[in-house]
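Take a look at the structure set out below.
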Amino acid sequence: MRSLQGHQAAVNRVAFSPNSKIVASASKDATVKLWCVDGKLLNTLLQGYNDAVSDVSFSADGQLLASASVDRTVKLWRLDGKLIATLQGHSGWINDVSFSPDGKLIASASDDSTIKLWNIRGQLLGSFSVKTQSLCVIFTTNSKNLIAVGNNSAVYQWSLDLNHLVAQGCN
């Protein structure tokens, strides 16, 4: 057993990189830390969080990391710590963030009872309302469907027509 020490408050979530060599940890101390699986700290991502970080997710190619926060933002990072974009638009804290398997989309799920769909440049493509909070969201393996669950025992599914989004200038 190995213990990765370094956060100053509770850790909310962890995620492995696609190659399983890096672990990202999201903490109530308003940081994301990147670790080698051998326990060595690689980087601490600090820029701009105003509250706890609730979730982290790697892109399928392992080159990007998305982090969601109680401060109602999603941040996109390169693994060297460079902040690429801050995604804003939720009115409640963000519970979950997920990359599509094809790497083209990011979904964020918030306690404001919405799921927001973004491209990897940080542009908002759409928003879906649901009748629940404490949402979790995931894409199907072909990136054509989005599924969410919340605290009301329902499962929500949306078919994503990426050609329609591209035709609207949202590629």
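Looking at the range 127-148, which of its residues are surrounded by fewer than 16 Cβ atoms within 10 Å (Cβ to Cβ) and on the phi > 0 side of the Ramachandran plot?
Result: Ser134, single match.
Taking the range 102-124 as the search range and keeping residues that are hydrophobic (A, V, I, L, M, F, W, C) and within 12 Å of the chain's Cα centre (by Cα), which one is surrounded by the fewest Cβ atoms within 10 Å (Cβ to Cβ)?
Our first condition is that a residue be hydrophobic (A, V, I, L, M, F, W, C); within the range 102-124, this holds for 105-107, 109, 115, 117-118, 120, 124.
Retained after the next criterion (residues that are within 12 Å of the chain's Cα centre (by Cα)): 105-107, 109, 115, 117-118, 120.
Details: Leu105: 22, Ile106: 27, Ala107: 28, Ala109: 31, Ile115: 25, Leu117: 22, Trp118: 22, Ile120: 17.
Result: Ile120.
Which of the residues that make up the range 95-125 are on the phi > 0 side of the Ramachandran plot and free of Cβ contacts under 8 Å to residues at least 40 places away in the same chain? Can you show your working first?
So the first thing to find is which residues in the range 95-125 are on the phi > 0 side of the Ramachandran plot, and the list is 103, 113, 122.
Residue satisfying the conditions is Ser113 alone.
If you check Leu146 against the conditions, is it of a type in the set (A, V, I, L, M, F, W, C), farther than 22 Å from Ala26 by Cα, touching a residue at least 24 places away in the same chain (Cβ under 8 Å) and touching a Cys at 6+ places or on another chain (Cβ under 7 Å)?
Details: of a type in the set (A, V, I, L, M, F, W, C): yes; farther than 22 Å from Ala26 by Cα: yes; touching a residue at least 24 places away in the same chain (Cβ under 8 Å): yes; touching a Cys at 6+ places or on another chain (Cβ under 7 Å): no.
Answer is no for this residue.
Applying the selection to the range 67-96, what residues are within 14 Å of Ala52 (Cα to Cα) and within 11 Å of the chain's Cα centre (by Cα)? It would help to see each step written out before you state the result.
Initially, the range 67-96 is screened for residues within 14 Å of Ala52 (Cα to Cα), giving 67-75, 92-96.
Ser67, Ala68, Ser69, Thr73, Val74, Lys75, Ile94, Asn95, Asp96, listed by residue number.
Restricting the range 62-115 to residues that are in contact with a Ser or Thr (Cβ under 7 Å, 6 or more places away or on another chain) and of a type in the set (Ser, Thr, Tyr), which is nearest to Ala30 (Cα to Cα)?
The qualifying residue nearest to Ala30 (Cα to Cα) is Ser69.
Quick one: in the range 16-29, of everything that is without any contact (Cβ under 8 Å) to a residue 40 or more places away in the chain and in a loop (DSSP other than H, G, I, E, B), which residue is surrounded by the most Cβ atoms within 10 Å (Cβ to Cβ)? Break it down stepwise before answering.
Just the residues of the range 16-29 that are without any contact (Cβ under 8 Å) to a residue 40 or more places away in the chain, to begin with: 20-21, 23, 25, 27-29.
If we keep only those that are in a loop (DSSP other than H, G, I, E, B) as well, we get 20-21, 28-29.
On the way: Ser20: 9, Lys21: 12, Lys28: 16, Asp29: 19.
If we take residues in the range 16-29 being without any contact (Cβ under 8 Å) to a residue 40 or more places away in the chain and in a loop (DSSP other than H, G, I, E, B), then Asp29 is surrounded by the most Cβ atoms within 10 Å (Cβ to Cβ).
I'm trying to understand the selection: among the residues of the range 62-102, which are touching an Asp or Glu at 6+ places or on another chain (Cβ under 6 Å) and not in a strand (DSSP E or B)?
The answer is Val70, Asp71, His90, Ser91, Gly92, Trp93.
In the range 40-61, which residue that is among the charged types (D, E, K, R) and in a loop (DSSP other than H, G, I, E, B) is farthest from the chain's Cα centre (by Cα)?
Just the residues of the range 40-61 that are among the charged types (D, E, K, R), to begin with: 40, 51, 55, 61.
Subset that is in a loop (DSSP other than H, G, I, E, B): 40, 51, 61.
Working: Lys40: 23, Asp51: 15, Asp61: 15 Å.
The qualifying residue farthest from the chain's Cα centre (by Cα) is Lys40.
Scan the range 40-94 for residues that are of a type in the set (Ser, Thr, Tyr), at pLDDT 90 or above and either buried (at least 16 other Cβ atoms within 10 Å of the Cβ) or touching a Pro at 6+ places or on another chain (Cβ under 6 Å) (or both) and jot them down. Lay out the reasoning, then the answer.
Looking only at the range 40-94, we keep the residues that are of a type in the set (Ser, Thr, Tyr), and these are 44, 49, 54, 57, 59, 67, 69, 73, 86, 91.
If we keep only those that are at pLDDT 90 or above too, we end up with 54, 57, 59, 67, 69, 73, 86, 91.
Across the range 40-94, the qualifying residues are Ser54, Ser57, Ser59, Ser67, Ser69, Thr73.
Does Ala85 meet the test of being without any contact (Cβ under 8 Å) to a residue 40 or more places away in the chain and out of contact with any His (no Cβ under 9 Å at 6 or more places or on another chain)? Break it down stepwise before answering.
Numbers: without any contact (Cβ under 8 Å) to a residue 40 or more places away in the chain: yes; out of contact with any His (no Cβ under 9 Å at 6 or more places or on another chain): yes.
Taking the combined requirement at face value, the residue satisfies it.
The values are calculated or read from the model by the stated rules, or taken from the named source; none is laboratory data. What you see is a predicted model; the values in this text were computed from it and never measured. A quick note on method: Cβ atoms are made from the backbone with ideal geometry, for glycine too, and the neighbour counts reach across all protein chains shown.
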